Structures are given as C-alpha cells and as structure tokens.
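Here is the structure we will look at.
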Amino acid sequence: MAYRIVLRQDTASNWTKYNPLLLNGEFGFEEDTDKLKLGDGVHKWRDLPYWLPGPTGAAGSSGTSGTSGTSGTSGSSGTSGTSGTSGVNGTSGTSGVNGTSGTSGVTGPTGPRGITGPIGPTGADSNIPGPTGAKGATGPQGATGPQGDTGATGPAGATGADGRIGATGPAGATGAAGADGATGPAGATGAAGATGPAGATGADGGIGATGPAGATGSQGDIGATGPQGATGPQGDTGATGPQGEQGPTGSGGALGAYGSFYDTTTQTLATAGVGQAVTINSTYPGGSSGISVQNGSQIVISNPGVYELTAVLSVANLFNKPVEAEFWLRFNGSNYPNSGTHVLLPAFKSSGIPSETPITMNFIGQSTSANDYVEIYWTAESTDVSLESVGASGGQPAAPSAMVSIEQVMYTQLGPTGPAGPTGADGATGPQGATGSDADTLVTTNTQSSNYTLVLGDRNKIVEMNNASARTITVPPNSSVAFPTGSQVMVARGGTGTVQILEGSGVTIVSSNSNDYLQYRYSGATLVKKSTDLWWMFGDLSAS
C-alpha cells in the first residue's frame, strides 16, 4: 500500500497571524514563499527560524566491496507503474578522472568503484509527492563474473535543485510471497477501549401500601365569643394641674460613634486579579468609640445609624509598565453597590524603585443592624503592586500603608431629653355606660385559593383554603398584625390540595406532635393566641 505524507501549509500572512505551536519535528510550509519552518514543541511560529538544510559534507571513501554471493534467480519483473513527471535535474558535478580499467574477465567483470565525489545541494521538493507503484517480483539473478579494478572516480559536481516529484504510477502486480519470516517481538499493548454504556436500570419495586390512619377523635364545638359592649361616654376632663418648673438646659448634642485606624505593614497582593481585604493592625490614640476592628480587616459598627467612611491607601507599583488596579467596599461580606474605584497606576520610576499613588475613598452609608461590618478590598493585574508602609525618617512621621476613619453622621441624632415636669392631678372619672346587647353569633368564612397570611379581620372567622394544589396559611408576627391576646381564628381545607399552617418571623405555634398540616379535605383546626407571638393550634392535623 502506498502512503502519502502531507505537510501543514498556509500563506505566510496566515502563519504569522495565527502564530501556531508546531510539534517537535513537525514542518510548516509557506505555500506562497516556498519556505519551511521546523517545530520544536516550545516556540510558536513567529519565534522559529526558517529551515534551510546545510550543505552536504563530502562523502567518505568507499570501503572495499565484499565478494558478492551467488544471487538467486530473478523473478519476472512486475509491470512498472507509470512514472511521475520528473523534477528538474540539478547541475551534474564534474566527473572525476577515470581509473585504469582492469583486465576484462569473462563477461566483462567490473572493477571496484572509485571514491564518490561530494553531493551537491538538494533541490526543493514538490508540494505533493506522487504515489509509488508496488515493486514487482524479482527474477533469479545470473552468475556474476569477477570484477575488474575500477579507476578512482573524480569529485562529483554540485547537485542541482530537485524538481517536484511527479505522481506515482499505479502499482504493478505483486509477486508471490516468500516464506514467512520469524515472528518479531510483540508490540506494546494498546490503550484500553472506552467502557461501553451502562445497561438499563431495572424497574423500581412497587411502594408498599400505606397503613390505615388511626381515627381522630371528634372536636368539641367552640362557643362564639360575644361582642363587646359599647363604651360609655367619657367623663369630664379634670382641671389641668399647675405646670412644673422648667428643667435645666440639656447638654450638647449626643456624641456619635467613631473610629480611626491604620496599618503599619506593607501589604502584598497574593494573586493578580483576585480581590483581598486591606488589613488594619492599629488604632490611633483615643480613636475609637462604638467602632472596632475584628479579624484584621472588618470594621464593626456596634449601633445602627448613618456613617461616613474615609480611607487613604498608599499604593506602590514595581512593574515596568502601567498597571490597572481596583478598590471597593464590602458590607457584611458582600460587595457594596457602586463603590468601586478604577485606577491606572504609572510604571515604576526605575528598577527597584516603585511609583507611588495615594488612593482616597469616601462614602456615606447606613448601618441597619447592630454589629454590621465593612471591609475595604483591592486587587491589581500584577503582584508587583502593593500597599506600601514607610517608616519614620528625617524628622518626618511614618506613613502607614492604610489609614481609615469612620464616624456617625449626627445631624439625625437628638440630644438627651430634659426631665419632665410634674403631672397634674387626674380629673374625676365619668359614670360607666350601659352594657350593650350581645352581637349576632353567626360565623363568616374567608375563602382563599392562593398562599395566604392572616389579617386582623380574620379574627373569629373561618379561613378556608380551596385549591387542588398545595397551599399555605401563615400566622404573622405581632409586629405586623397585632391580634389581641385570646383571639381565635379557625382554618379549614376545602380543596384536594394539602394545606400547611406556617409560622411567620418570630412566631411559635404549639400543636400536638408539632403537626402543622390539615389532615384531609374538609379537615379544620383552631388557632388561639396565647401571648405576643405564641399561638396554640388544635384540630384534625397531620405531619404532612
């Protein structure tokens, strides 16, 4: 079987544009310049030299030929394939001086071959080698007569450039195969083939039947709460007592929280492009009240309020090119919106002497919970960027790598209230009004089909959830819906979908076995408020 070797080829501009990495020993051919480059597996195209074969060295002297053995009878030659077009022959070298011919033996024996002259440079190859025809069977060779002495061969002239290889003609018929040679050593075992796809998973076993639920005891009827009687008319207001003496003038406005901190270390960037916290290791004398630093970087705010933060960072760049850097705030572990500062730092002043750029950040923001914390984060596209701390020298104080101050904005704060004057005597209480008649005791129903949160108007009503899909009824905290203690709300499941009674934020619902689902369609339960955010629930309930 004939094989064809094809080199990677493209135009010179495309090789330069895409700049690929050639494997070690892999050629790349510029089809518009007829130039080659040889890959080394390390350097890309633009860094490789063009491949130019060196001149061929002079051939060594040929050794004396050994006596030829008797050749076997040549087989009949197979039909030769059509020859490809020959390339242009190189210029033939100058023929050497012929040696003296030896005495002719029987059938003209040839003398030993003279020294071969140096080979000339090889011409350029064709782009597409033609296929080689298969060699026909060799016929038996006749007996060779003794060889006469051959004169010394003169040096060969320079070889001209090779022509392009023409297409190889079709292979001739293959001669009869010779006897099998000895078996060579076994080759290395090939890589294991890919694992075949897993077989189909068998069908799951059926789910066993659910045991019957125990019978639920019947619930006694709850009597309706009678309406509250009408409030009697308010008695006359008593005379206003004399005004107390004016209290002393209060002190100045309230003192807000504040903190002033700094860091004495040079802070290096661990990984380019990855944010890290600015560290703080020191507090200025008398520089903190209600503000503290934890974990080396977290500025903790004890009390909610509006605060102003100012930071000054001393940024140094030892890289020999300008470098982009980013600085921003994080609040309670999350990036603070729109707090980023993008800076292009100038290149170093000279080798070993960085450029220095001060970065100032100023923000006003609100803390809504006790012990909120804020951090300053930074990163750059090179680890040659740092936050530089410079020690004191020449009568000048030290320059920290980071200085941070934070203080509470106090225009929203009130000063302490002065003492109240004495309260005047109460007026006489008017007579109590007559008790009103009992209200109608009929129970009304509030039917819902979506997830629902109880409202004050649901007191002494039935809240029916009617839907084929799962739904919830939520008991809200007292802070959002202030049901009076002792209020009751009845809930019912009118549809086929499950109904779960949920606790709002801070609410606790106590029930048997902590069950919180209405067990069946048409099941019901009663919620009774026992204290601020504590409710009891009893009725036809289940765990799911």
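Worth a mention:
- Qualifying residue in region 349-372 (condition: small (Gly, Ala, Ser), more than 22 Å from the chain's Cα centre (by Cα) and within 17 Å of Ala272 (Cβ to Cβ)): no
- Residue within region 345-368 that is touching a strand residue (DSSP E or B) at 6+ places or on another chain (Cβ under 8 Å) and among the basic types (Lys, Arg) present: yes
- Taken residue by residue, region 405-412 has no member that is in contact with a Ser or Thr (Cβ under 6 Å, 6 or more places away or on another chain) and modelled with pLDDT under 70.
Listed here are the residues, each with its yes/no results for (1) assigned to a loop (DSSP other than H, G, I, E, B); (2) among the basic types (Lys, Arg); (3) at pLDDT below 95.
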position	(1), (2), (3)
Ala230	yes, no, yes
Asp236	yes, no, yes
Thr240	yes, no, yes
Ala254	yes, no, yes
Thr279	yes, no, no
Ile299	no, no, no
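- Scanning region 1-31 for residues that are of a type in the set (Phe, Trp, Tyr) and out of contact with any helix residue (DSSP H, G or I) (no Cβ under 7 Å at 6 or more places or on another chain) returns Tyr3, Tyr18, Phe27, Phe29.
- Residues (in contact with an Asp or Glu (Cβ under 6 Å, 6 or more places away or on another chain) and surrounded by fewer than 19 Cβ atoms within 10 Å (Cβ to Cβ)) located in region 309-328: Phe319, Glu324
- Among the residues of region 482-506, those identified as in a loop (DSSP other than H, G, I, E, B), surrounded by 17 or more Cβ atoms within 10 Å (Cβ to Cβ) and within 45 Å of the chain's Cα centre (by Cα) are Thr498, Gly504.
- Count - residues of region 335-377 that are hydroxyl-bearing (Ser, Thr, Tyr), in contact (Cβ under 8 Å) with a residue 24 or more places away in the chain and surrounded by 14 or more Cβ atoms within 10 Å (Cβ to Cβ): 7
- Count of region 440-481 residues, restricted to those that are under 17 Å from Gln519 (Cα atoms) and assigned to a loop (DSSP other than H, G, I, E, B), is 5.
The values are calculated or read from the model by the stated rules, or taken from the named source; none is laboratory data. Computed from a predicted structure; not experimentally measured. Quick reminder, even Gly has a Cβ in these numbers, built from the backbone with ideal geometry, and neighbours come from all protein chains shown.
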